[in-house]
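Right, one structure below, let's go through it.
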Amino acid sequence: MEKISALYSQYVIDGIPQDLSPGEMLDGCLAHKNWRETPQSMETLLDETTDPQPRSDNFDSWKIRDYLSLTADASGRGLPVHFAAPYTKILLERALLDALWQEGHFRLGDLGVKADWVWDMGQLGNIAAFYASAQAASEYLGNLSLKLSSYGFSEGGSCRLTLSTSVFGDEYEEEEFPVEMPYRTAHPTFLPVRKHSFALVDDPDSWLVYIPVDNCEFRLGGSLLSDLLKQGNDVAPDPTDPDYFIDCYEVLREMVEDNVVIAGATVSDGGLLTTLKRMAAAAGDKVGARIALSELMAASREQDIVRILFAEAPGVIIQIRDDDYDYLDAEFTLQDVVFYPLGHPVHGKGEIKVDASGKTGIQSILESIIRSQSSEGED
């Protein structure tokens, strides 16, 4: 049952009274004003921010295959409370990116977001984390010039934020939306079916391309891998460039609608490698891939291959035909959108081979990190 008092309570975090309640911040993001009335009496909630338990980083590049076995099948993770603010923005961008792949005709500015928090308010730091999450959601929605279609809050045994998107119809007045053309369409349509495959397509000449949609660093704080191994005290990726996200979104959506994309996926829990493995699994493990990371590592100046592969920085993986590569190159370059050609699908048994050698000067530590997967039948 919705707990209105927690939405509209006076929050005191680390001894500092907060100016607005979570409900007041989120109400300001609603497409329909006056969605609910603010209670006259409010309680005061006191809490303090908490840091992750200190642990030593112990991620070994030689264990990539083992890490993938853990992350590829994991599901049902809640929001990492120690990284509530950055992961709220990450989840928001994921929800918007998930809409990319749908049938219809729409742009980013046509989308509304539904947000639902289920939160354990009984643990030290969790009240502060909920406040940070609500604050991050309201601020980042404003930065993206987007609106909430609705939101909800209830207390539960875990801390979760569920986000979904839909297209606002013509019943909304123009002045309710700060986003103008070309980021909105006159009569948007949004169908609940994918326009193309999530699974890898068996075309060895096609390209697999990775597009980061924010200038996040590849860090493992709050990641599925860190959570499963219960180790690491890294910081989390933190989206900070909503304007760049908007630019990326518009170019990608156009390519989806124009059928340039033949398969695509949002980088989600587990990061880039886990997402690619799930795309292979969705093809019945009849299609694998061989990818090279040297260009991505050089451009990001990140030499830790585990971070590159398992960090959950917002991004997408798309598969395009070889004939469309020059068009993609020209369009992305024109719009100043950075992309990284990873390599090609490989007909086989869902095997993913990663090459991290080349420009970076790193030895070929991952030339066949999953070489024995098919023989052992683990993936």
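Values quoted throughout were computed directly from the atomic coordinates according to the rules given, and no laboratory measurement underlies them. Owing to the predicted nature of the structure, the values given are computational and were not obtained by experimental measurement. In this analysis, Cβ positions are derived from the backbone assuming ideal geometry, glycine residues included, and neighbour counts consider all displayed protein chains.
Distance check, please: which entries in Lys114/Lys277; Lys230/Lys353; Lys277/Lys349; Lys147/Lys277 exceed 22 angstrom between their Cα atoms? Intermediate values should be presented prior to the final figure.
Numbers: Lys114/Lys277 29 Å; Lys230/Lys353 26 Å; Lys277/Lys349 11 Å; Lys147/Lys277 34 Å.
With Cα atoms farther than 22 Å apart: Lys114/Lys277; Lys230/Lys353; Lys147/Lys277.
Please list 144-150, 327-333, 266-272 highest first by mean number of surrounding beta-carbon atoms within 10 Å per residue. Mind showing how you got there, number by number?
Numbers: 144-150: 21.0, 327-333: 15.1, 266-272: 23.3.
The most tightly packed comes first, giving 266-272, 144-150, 327-333.
Length, then width, then depth: along the principal axes, the Cα atoms of the stretch 241-358 run 35, 32, 27 Å. Over the stretch 197-246, with a single point scatterer placed on each C-alpha, what log10 of the ratio I(q)/I(0) does the Debye formula yield at q = 0.17, 0.25, 0.26 1/Å? Debye intensities relative to I(0), on a log10 scale: -0.77, -0.89, -0.91.
Rg to Rh for the stretch 90-175: what is it, with Cα atoms only and Rh by Kirkwood?
On the way: Rg = 14.4 Å, Rh = 14.0 Å.
Expressed as Rg/Rh, it is 1.02.
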